[in-house]
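S.K.: Mind having a look at this structure? Questions to follow.
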Amino acid sequence: MIKYNEALSLLEIMWYGYITDDNIQEAIDNVAKVLTTRQVKFFVSDVRNSNTTRVTEEAWLLNYCFPLLEYNGIKRMARISDGCTLGQMVMGNIVDVMSKEEQYHFTVQSFAEREKAMDWLLNAQA
């Protein structure tokens with residue numbers, strides 16, 4: 001499910017169940033549509049209720065999501081997961097790639113709680 005909050009310039013995607021290639025393509029299409037028609041500064045990907053695999057999520061973020069976010073000038077992205085070891089590995093690999101490539105100009109952090117993610121997104125210093 002994708003939600004856009006105009007007052008906060010916030011785009012949020014919430015994943016449910018098993019994520020397939022079809023789900024990913026649909027998400028990319030929907031995210032791209034909002035990014036190109038709205039002013040979006042902040043992005044949230046909430047995977048707490050999904051059965052995503054490490055490879056599937058990493059591929060989606062690195063190959064599709066990040067280039068799209070960079071192109072459209074996102075300032076910060078929060079990833080919300082259940083805090084399990086797998087989720088920490090995904091985020092660790094993503095941060096490594098982002099720091100080595102230096103092609104992305106937005107900040108990404110991972111959180112286990114939505115409230116903390118939203119606080120960081122909306123209140124962190126630029």
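Values quoted throughout were computed directly from the atomic coordinates according to the rules given, and no laboratory measurement underlies them. The structure displayed is predicted, hence computed values, not measured ones. So basically every Cβ, Gly included, is an ideal-geometry build from the backbone, and we count neighbours across all protein chains shown.
S.K.: Once phi is turned into θ = phi - 60°, what whole-Hz ³J(HN,Hα) does the Karplus curve with 6.51, -1.76 and 1.60 give for every residue of region 119-125, x standing for Gly and Pro?
M.R.: In residue order, the calculated couplings are 4, 5, 4, 8, 10, 5, 5 Hz.
S.K.: Only counting other Cβ atoms within 10 Å, I'd like S45, S9 sorted with the fewest neighbours first.
M.R.: With the fewest neighbours first, S45, S9 line up as S9, S45.
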